[in-house]
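The values are calculated or read from the model by the stated rules, or taken from the named source; none is laboratory data. What you see is a predicted model; the values in this text were computed from it and never measured. So basically every Cβ, Gly included, is an ideal-geometry build from the backbone, and we count neighbours across all protein chains shown.
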Amino acid sequence: MKRIGIADTTFARVDMGNIAIDELKKLGTGFRIERYTVPGVKDLPVACKKLFIEKQCDIVMALGMPGAQEIDKMCAHEASTGLIQVQLIVDKHIIEVFVHEDEAKNEKELAWLAESRTREHAQNAYRLLFKPEALTKLAGTGQRQGFEDAGPVR
Amino acid sequence: MKRIGIADTTFARVDMGNIAIDELKKLGTGFRIERYTVPGVKDLPVACKKLFIEKQCDIVMALGMPGAQEIDKMCAHEASTGLIQVQLIVDKHIIEVFVHEDEAKNEKELAWLAESRTREHAQNAYRLLFKPEALTKLAGTGQRQGFEDAGPVR
Amino acid sequence: MKRIGIADTTFARVDMGNIAIDELKKLGTGFRIERYTVPGVKDLPVACKKLFIEKQCDIVMALGMPGAQEIDKMCAHEASTGLIQVQLIVDKHIIEVFVHEDEAKNEKELAWLAESRTREHAQNAYRLLFKPEALTKLAGTGQRQGFEDAGPVR
Amino acid sequence: MKRIGIADTTFARVDMGNIAIDELKKLGTGFRIERYTVPGVKDLPVACKKLFIEKQCDIVMALGMPGAQEIDKMCAHEASTGLIQVQLIVDKHIIEVFVHEDEAKNEKELAWLAESRTREHAQNAYRLLFKPEALTKLAGTGQRQGFEDAGPVR
Amino acid sequence: MKRIGIADTTFARVDMGNIAIDELKKLGTGFRIERYTVPGVKDLPVACKKLFIEKQCDIVMALGMPGAQEIDKMCAHEASTGLIQVQLIVDKHIIEVFVHEDEAKNEKELAWLAESRTREHAQNAYRLLFKPEALTKLAGTGQRQGFEDAGPVR
């Protein structure tokens, strides 16, 4: 049975981990979920590596909500760099789901954005693991997660 | 028989993967194409690594269309850093073909730019694999992919 | 018996190492502390690696106080990048506790911030090592270390 | 016999590879040159690695001419980061010779700068390989490649 | 007998290598010095690695003087990133001593700063190698190298 890891943070202002688990359970069966919560996004890379190495996960979703300050942007960048390194060590995907606090106009939109982006990326994680050909059908169509799709250009 | 990998995204607004495959088929034979579509540019590094490791590709084209926001520039930077790391692990080339949304004046130009840059870089990938001496002949001539060549200076 | 490493600097203007040790001792027993002081934050990555490799630490707290200049921000970024790399080499957590000099309005607040952030992150380190489920209970609740928690959004 | 690698690009607007080879031949004998041309600076890291691994080079010159746009600066940064990584993998020097298009006032100066910097760095490569003590004699003297030396301060 | 490496550059406008060696000899005996001069700061990472691997150094001082331009800042950043990577490969310290040209008001101050920072960091290198407990005594006291110490805050 496949294993999907969920790495999330106490820093985030929305329980993205729970949302991801809820969405994944709607999408299908045939997998088990391993969850690992850490303080902030910079703790996510090693958390993901541990989910791969110690919990034998086949894919991991890395969920975080960086703050709006310049320093938060740098933290997110460092975390993202680490998440890519982990993928290259284990040869498996990590779907990074970061929602920046300043992407939303207000708290209500922030909660909505975190939920919808998490759910749409849970679908991407599911496809990568079970239906990669579904992604090829969407190639070049301007998909976005959370806000409206950009769509294709001609 | 040589294998050329095509890694592309659902985020891109042009089906750069299809264009690359079309161009490669015009350039010659003697190779097989493996395609792998992922959600966004940050998923490309491990996708390329998997194309090298699991599909025995000899070269990979990594196709993406980063958005126009500051955060998109950072994503592209993180992806590019990862793509270079992959090359240094496998000792093989990845031809990165990124078209930034703000490089074009409008959607029509964006579609044109994505197509022409992809086609010209498909030629570069083909040369690297089959005719490296063709690149040496062009050394220092100010080649560009998509927009007009800058040309040499004296 | 578990070992907790404390890596700190002579550059910091608050003895964050002593504060971390004090807090950890209040939190419980069953662990031994190893301390390693280096000149600045850029010396922390290898100090942490040595605490893991030579002192068999199970987790390390990396304590630093970057200055307020642009160059200090870059040093902190380089240090953070290195700290993430160390974690991916040893598959263990480093809790980075950086207090930027310009986060505080004055020296008094800086001293307060360094102490409270260090103490709260000592609790995070303790939880990661002994009570990881305590962090999952706090997932998505907008925890902050030092300044007031941001709290959840709905 | 020692081998010196020359990695250059079709993107550059000056044939820096030819200039480097010309200068090296003037400096001495006892080495063989291996040349490898790639599309752009981001292709240089793996090209250099291949020159070391597949062609047994003892040192490599990485020649490039990044454009004047912000995106070009980022490409150069990514390339440089990769070039340093390659050196740390093979324990051999790569002399990076990058000439940024906006360093020169006009095309004529750009051509001059590319040539003079390439020639002076060819001398550095030669010294590193055959006469390292010559560099120690120049330590702290404010050497520059291309533009006038800055000279020492007291 | 311990070995201390000194890696310096021809780009620097002060002979920081000589100053470091002079200071180290004043601090004690029981060590041998290995010096390696390279063109610029981006050549320092592999130079340091070679000092560790080929010359069996136990610690290395990496001495450089980045210029005042934006491109110089980026070079320094790339060099620093590489220096941290080297430390994580060999599990030994590199004391980076970079003096940015624009840190000083004029050439006289630049020469003074380069000398005093190099001497103070030579003391740090000596302590890390022979008296690590001396650094712990200075933890959190706001030490600076070159300019006046910032001192502790309460």
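Checked against (1) surrounded by 21 or more Cβ atoms within 10 Å (Cβ to Cβ); (2) under 25 Å from residue B:76 (Cα atoms), residue A:70 passes all but condition (1). Scanning region A:136-154 for residues that are within 29 Å of residue A:12 (Cα to Cα) and either of a type in the set (A, V, I, L, M, F, W, C) or touching a residue at least 40 places away in the same chain (Cβ under 8 Å) (or both) yields A:145, A:146, A:147, A:150.
Quickly run through region A:70-93 and pick out the residues that are charged (D, E, K, R) and either facing chain B (nearest Cβ under 7 Å) or not in a helix (DSSP H, G or I) (or both). Those that are charged (D, E, K, R) and either facing chain B (nearest Cβ under 7 Å) or not in a helix (DSSP H, G or I) (or both): A:91, A:92. If we keep just the residues of region E:98-154 that are facing another protein chain (nearest Cβ under 7 Å) and charged (D, E, K, R), which is nearest to the chain's Cα centre (by Cα)? Filtering first and then ranking leaves E:107.
Every condition in (1) facing chain C (nearest Cβ under 10 Å); (2) more than 22 Å from residue C:88 (Cα to Cα); (3) buried (at least 21 other Cβ atoms within 10 Å of the Cβ) holds for residue A:43 except the one numbered (2). Residues in region C:1-13 that are within 11 Å of chain E (Cβ to nearest Cβ) and part of a strand (DSSP E or B) were compared, and the one that is nearest to residue C:123 (Cα to Cα) is C:6.
Please verify whether region B:22-30 includes one or more residues that are acidic (Asp, Glu) and over 30 Å from residue D:70 (Cβ atoms). Yes, there is a match, as at least one residue in region B:22-30 is acidic (Asp, Glu) and over 30 Å from residue D:70 (Cβ atoms). Among the residues here, residue C:88 does not qualify as closer than 24 Å to residue C:127 by Cα, under 14 Å from the mean Cα position of the chain (by Cα) and free of Cβ contacts under 8 Å to residues at least 60 places away in the same chain.
Going through region E:108-135 one residue at a time, which ones are in contact (Cβ under 8 Å) with a residue 60 or more places away in the chain and among the charged types (D, E, K, R)? Those that are in contact (Cβ under 8 Å) with a residue 60 or more places away in the chain and among the charged types (D, E, K, R): E:115, E:119. Pairs linking a residue in region C:19-43 that is over 20 Å from residue C:124 (Cβ atoms) to a residue that is at pLDDT 95 or above and of a type in the set (Phe, Trp, Tyr), with Cβ atoms under 8 Å and 6 or more positions apart or on different chains, are C:39/C:11; C:40/C:11. If you go through region D:93-135 and keep only what is of a type in the set (D, E, K, R), buried (at least 21 other Cβ atoms within 10 Å of the Cβ) and over 21 Å from residue D:14 (Cα atoms), you end up with just D:127. Summed over region C:14-45, the residues that are over 15 Å from the mean Cα position of the chain (by Cα) and either in a loop (DSSP other than H, G, I, E, B) or of a type in the set (A, V, I, L, M) (or both) give a count of 5. Going by what's in this entry, would residue E:123 be described as closer than 30 Å to residue C:111 by Cβ and either modelled with pLDDT under 95 or not in a loop (DSSP other than H, G, I, E, B) (or both)? Yes. For region E:53-65, filtered to residues that are buried (at least 24 other Cβ atoms within 10 Å of the Cβ), more than 10 Å from every other protein chain (Cβ to nearest Cβ) and not β-branched (Val, Ile, Thr), the residue that is farthest from residue C:73 (Cα to Cα) is E:57.
Pairs linking a residue in region C:1-14 that is farther than 19 Å from residue E:134 by Cβ to a residue that is surrounded by fewer than 23 Cβ atoms within 10 Å (Cβ to Cβ) and of a type in the set (Lys, Arg), with Cβ atoms under 6 Å and 6 or more positions apart or on different chains, are C:1/C:32; C:3/C:32. Considering the conditions (1) in contact with a helix residue (DSSP H, G or I) (Cβ under 9 Å, 6 or more places away or on another chain); (2) within 7 Å of another protein chain (Cβ to nearest Cβ); (3) not in a strand (DSSP E or B), residue B:50 is excluded by exactly one of them, (1).
When C:118, C:136 are screened for being farther than 27 Å from residue A:34 by Cα and outside any loop (DSSP other than H, G, I, E, B), only C:118 passes. Of all positions in region A:58-66, none carries a residue that is in a helix (DSSP H, G or I), under 16 Å from the mean Cα position of the chain (by Cα) and not aliphatic (A, V, I, L, M).
Here region D:139-154 is the region considered, the condition is being surrounded by fewer than 20 Cβ atoms within 10 Å (Cβ to Cβ) and not small (Gly, Ala, Ser), and the residue that is farthest from residue D:93 (Cα to Cα) is D:154.
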